Structure formats: C-alpha cells, structure tokens
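Heads up: the structure comes next, in structure tokens.
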Amino acid sequence: MSDTQTKQKLSTLMLGAIGVVYGDIGTSPLYAMKETFAGHHPLPVTEANVFGVLSVMFWTIMLLVSLKYVAIIMRADNRGEGGSLALLALASELNAQRPNTKWFLAILGVFAAALFYGDSMITPAISVLSAVEGLNIVAPQLHSYVLPITIMVLTALFMVQKHGTGAMGMAFGPIMIFWFATLGLLGALSIANSPQVLFALNPLYAYHFLIFDPWLSFLTLGSVVLAVTGGEALYTDMGHFGKFPIRLTWFSFVLPALVLNYFGQGALLLHNPQAIENPFYLLAPAWALVPMVLLATAATVIASQAVISGAFSVASQSVQMGFLPRMEIRQTSDKAHGQIYVPLTNWTLYLAVIYLVLTFQSSSNLAAAYGIAVTGTMMIDTILIAFVLVAWRWSPFLVIPLIGTFFCIDLAYFSANAIKIPQGGWFPLGVAAISFTVLITWKRGRKLLFDEIAHRSVPVKMFIDSIGSINRIPGTAVFLTSIDEGTPAALLHNLKHNQVLHERNILLTVIVEDKPYVTKGNRLLIDDLGKNFYRVRIFYGFMEIPDVPAALELCASCGLPFDMMTTSFFTSRALIVSAPKPGMMKWRERLFIVLSKNAMNAADFFKIPTNRVIEMGTRIEI
C-alpha cells in the first residue's frame, strides 16, 4: 500500500472514530459543569471551587481516560476487539488453567455487560434532554415544549434503527468535527477573557479542593465523573477503527477541545457566577443560541446512536457466548459486518428511555442516575485488566501501584455516586441486577440442559455399529445438536418413528469460541464416522452471526458437497420441565423455562431455509 493510500485510510478511520467513538464523552460538557455546581449537592461558585473542580476534572480525564483506557487497556485487545466482554474473554483465556479465577472473572465481566444495559438506557435520555433544554435559554416560555420535542427526537432515532445506520453514519464524522471545533472555539474565546483559569491545570488545586472540605468535595465527585462518561467507549469501539486512529484523534483533537470547553465554562463562571444556570449554552453569543441547540441535538443523537449500536453488539455477543437465548439479529449492511439490528433490544431500550424522560423530566434529575453505571463498569475494567497484566508478567512493582491508583479513583467515584441511589441511581442498578440475573440464569440453565442431553445420549460409535439393514433414502440429513458428542435426539426419534435413514447423515454442532472472529480456514472441522455418517463442527467468533448454509458451502472444498434441494435439517425442540430435585432455585428454573419458550427458533437463527426443516420434540427434566 502506498503512502498516499495509507494516509487516506488513516484519515477515513480518524473521521469514523470522531463520528462514533467520542459521542458520549463529547456531549458531557452539556451538563457536567452545570451539575457539579447546581446539581443535587450545589457547590458555591467561588474562584477556589472553580479552580478546584476544573483541576479535578482535568486530572480525572487524564488519569482515567488518557492513561487507563487509551494508554493501557487498549493494549489488551482480543484479536483487535475491545469492550468488557472482549476483555473478559481475553482475561479468561489467559487464566484458563485457574478455574476459580476464571469463574470470578466471568461473574465480573457479565456484571459489567449488565451495567452497560443500564447505561445505554440513560445516555440517550440525558443527552438529548440536556440538548433540547437549551430552549429554556433561548426563550423561557418554550419550557413546556422540551419534553415533547425530546420524545419526538428519541422516537425518530429508535424507529430508524431497523434501516441500519450506514447512510446516517456518513454524516456523523463531519458533524462531530464541527461539534468539537465549536466546543474548542467557544472555550478558547471565554478563556481569553479570564486566562487565570488555566492555573487550574496545576494538580495542587485539585489536592487543596479535595482536602479543604472532604465531605463536600466527595459529594462533588458524583457530578465531576460526568466529564468521563463515555471514556470506556474508546476501548469498546477499538475493533471498528483500530488503536492508532483512536489514540491520534483523542490526543490531537478531542481531548484539547473538551479541556478548552470545560476551562471556558470555568472562565465564564469566574466572570459571571449567574451563568451557572447553563454555562454551556451561555458560552455562545445570543445570536448563536438556536444554531447551538440544533447542533447539540444532532451531537446527542449521534452519541445516543453509538450507545444503541453498542447495546446491539453486547446483546449479539451475549447470545453467541451463551448468556442470552437466541433472538432475531439482522445484518443491516453487506459491507460493514458490525452493523446489526436487534429488534427486542431496540424496543426494550426505547420503552426504558421514554420512561426515564417522563419520570425524571430534566437532565439534572437524570444526572443522579447516570454516574453509577459508568463508574461500576470502569471499576470492573480495572480489575479485569489487572488479571491480564499479571498474566502478561508485567512487573508487580509497576502493576500494583498503577492498578491500585486506578482502583482507588474508581472506588471514590463509585462511592460518591452510590450516595445518589435514592435520587435515581437505583434505576441503572435495578436494570443491571435484572440483566445479570437473566444472563447467569440462562448460562446455568443451558449447562444443566446440555448435561442432561449428554447423559441421555447414546455414544455415536455404538449407534453406528448397531445399524443393520435399515432402509436408506436418497438425500442428506443434517441433525443439529448442541453438544458435539453422542447421537442427536432428533436422529434417534426420526429412526424410531420413520424406520429409515438418509443416504448421508451429518451431525452438526455450531461452536462459538472465546475470540471475536474465526477465519474461513478454521471455520470447519469434519470427522468421517463411517457408514456415511459425518460429524461437522462449525466455529464462529462471538462477534459473528452464524450462517449454517453459508458454512456448509465451504464443505465442498473438503470433499463433502451439499445440495440444499436434497438436504433436510432436523432440529430438536426441547420441552423443559422441572425435575424432582432441580439443579437451581425454583424461581430461576421457572425463569429459564420462560426464556427457553420464547427463544428464537434454531432454524431461523442459523438462517436455515424453513422449507428444509423438520422439528422433533423431546421432553427434558432439569
């Protein structure tokens, strides 16, 4: 690749990263300073407090985002992919020989994914609401229109999800470049009027602020953390754009713009303490207020889109890794593999977001609910990366102080937000608790189910050896089985009821590995069992959507061609009932049974043509 092509590719990745990765953290200036000084725990607008808050905010961004995520955690890519589940898979792989450690890491990773669901509900609500609240500054009499307009914008956003975001994504980059340029420009103009605000870059101001009134400063941390919400997205979206473009855009463009805007808001407060009503919008001249509201709304829609897409990705990964039942996952682009649409997740998020808007009614009220999910996720990421660094054999003299510092900061912010649980922090924790219960119940129920299936199954060799002169009919029968040992129940039922076997029989298992993607060369493993019986294993990564017919086409190169017109697929539909001695608590067992009944049909999930499927029922006690 020539230097020109390399530069063009890098510029495209940087543009995409600016449009997708930084939406959440990039819209934090809308409410972070306002909430810190005028939120549920108001802080007097004095020079000492402004300098102290700005210093704490700046060094929090530098330590938690720049150092922790960009410099360190982004090293822990799982075959190029990032995010809590990818970090979990990597940490589990590195600690595979330690079962207890692997179990502990799995619980942490799953809870981080559960917390993300709560975060993905709050982000669209608080972001769009805070942008539309600019109407209160434009004209106070427009206050009654804030909620209806917010709901209209959010409804439109969730309705377009099914069409994919490819066309919309083309505009994301330029809009967000303009947004960050505007943030930096408004901040710089304000700083020019009160340049002394730059003294807050000195960490001593943060130190003095934190020790002067420990309790008040502790409460303030619950709002200051809003400045780093979305920082984890830099790692989560790493697989889409790569480490270098994200790091380059962060340090060269996004970070300076954010710092300039926060310090610009601080300079405005030094000059006019009354501007705390909405320091973000009051940075702009009066003539620019309406354009700023429109630009902020566009930026918050983009931020919301990134979080919604992230929720789709987490849902898809959870299904592939066995933490959620099969559900409809649509590929919305034939070019961008990561562009998917999950209808159940989309409309669940929509209902939750509208509930939040109608219940909390202002970004200030929602701010109380926001921080706890983010700080919880950040704290879990710190623990996971600690295990990765130890497995990489980093020096304990480096790991202990580094991870200890990050964990103390994360714990301080999490504790400060835990105080806000009665004011709204209960919501993301409640969503996380429900999500976590569903995730681990489905995982545990599947294990009990597969153990019972394995216990009942007849060894394949014994079955094939026992086959006598049974009638063979032309064609191929593919028997889908969830375990890659033993004889599938559908095969036994077919033989029992129809007294025939197909000319060729395939025992097919789809296996999802602890890595994002599997190359085509490693997609298949075929074993010839004799007497025209074959065991075929199809491997996928947890970021991929299984497509069985497409995978079977690859079998031709291995000497096992398929003709779909002469191939029948047999699946087993398990009727799960409670055993006299259930393998888990009764209420969890009932939950698993309900989830199982509502799981998507295996044939549809694996994209098998409906007219080629025969479903056999079986009753299983767990």
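A compact table of results
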item	result
One residue from Leu358, Leu366 being modelled with pLDDT of 90 or more, over 27 Å from Ala76 (Cα atoms) and not assigned by TED's automatic domain parsing to the domain that holds Asn598	Leu358
When residues of the stretch 451-494 are limited to those that are crowded, with 16+ Cβ neighbours inside 10 Å and free of Cβ contacts under 8 Å to residues at least 40 places away in the same chain, the one farthest from Met584 (Cα to Cα)	Phe463
Residue list for the stretch 337-369, filter: more than 16 Å from the chain's Cα centre (by Cα) and buried (at least 20 other Cβ atoms within 10 Å of the Cβ)	Val353, Leu356, Val357, Phe360, Ser363, Leu366, Ala367, Ala368, Ala369
Exclusive hit being closer than 22 Å to Val128 by Cα, in contact (Cβ under 8 Å) with a residue 40 or more places away in the chain, in contact with a Leu (Cβ under 9 Å, 6 or more places away or on another chain) and polar (S, T, N, Q), set Gln317, Gln305	Gln305
Yes/no for Val510 being under 23 Å from Met600 (Cα atoms) and touching an Asp or Glu at 6+ places or on another chain (Cβ under 8 Å)	no
Selection within the stretch 409-466 - charged (D, E, K, R), over 30 Å from Leu324 (Cβ atoms) and in contact with a strand residue (DSSP E or B) (Cβ under 7 Å, 6 or more places away or on another chain)	none
In the stretch 459-476, the residues that are under 16 Å from Leu508 (Cα atoms) and in a loop (DSSP other than H, G, I, E, B)	Pro459
Test: residue in the stretch 280-290 that is surrounded by 18 or more Cβ atoms within 10 Å (Cβ to Cβ), within 31 Å of the chain's Cα centre (by Cα) and in a helix (DSSP H, G or I)	yes
Members of the stretch 549-571 that are in contact with a strand residue (DSSP E or B) (Cβ under 7 Å, 6 or more places away or on another chain) and either among the β-branched types (Val, Ile, Thr) or over 22 Å from Leu491 (Cα atoms) (or both)	Leu554, Cys558, Thr566, Thr567, Thr571
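For every residue, the table says whether it meets (1) touching a Lys or Arg at 6+ places or on another chain (Cβ under 7 Å); (2) touching a residue at least 60 places away in the same chain (Cβ under 8 Å); (3) aliphatic (A, V, I, L, M); (4) in the same structural domain as Ile246 (by TED's automatic domain parsing).
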residue	(1), (2), (3), (4)
Met33	no, yes, yes, yes
Thr36	no, yes, no, yes
Val50	no, yes, yes, yes
Ser55	no, yes, no, yes
Gly82	no, yes, no, yes
Ala86	no, yes, yes, yes
Gln97	no, no, no, yes
Asn100	no, no, no, yes
Trp103	no, no, no, yes
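The values are calculated or read from the model by the stated rules, or taken from the named source; none is laboratory data. From a predicted model like this one, the values you see are computed outputs, not experimental measurements. Virtual Cβ from ideal backbone geometry, glycine too; neighbours counted across all protein chains shown.
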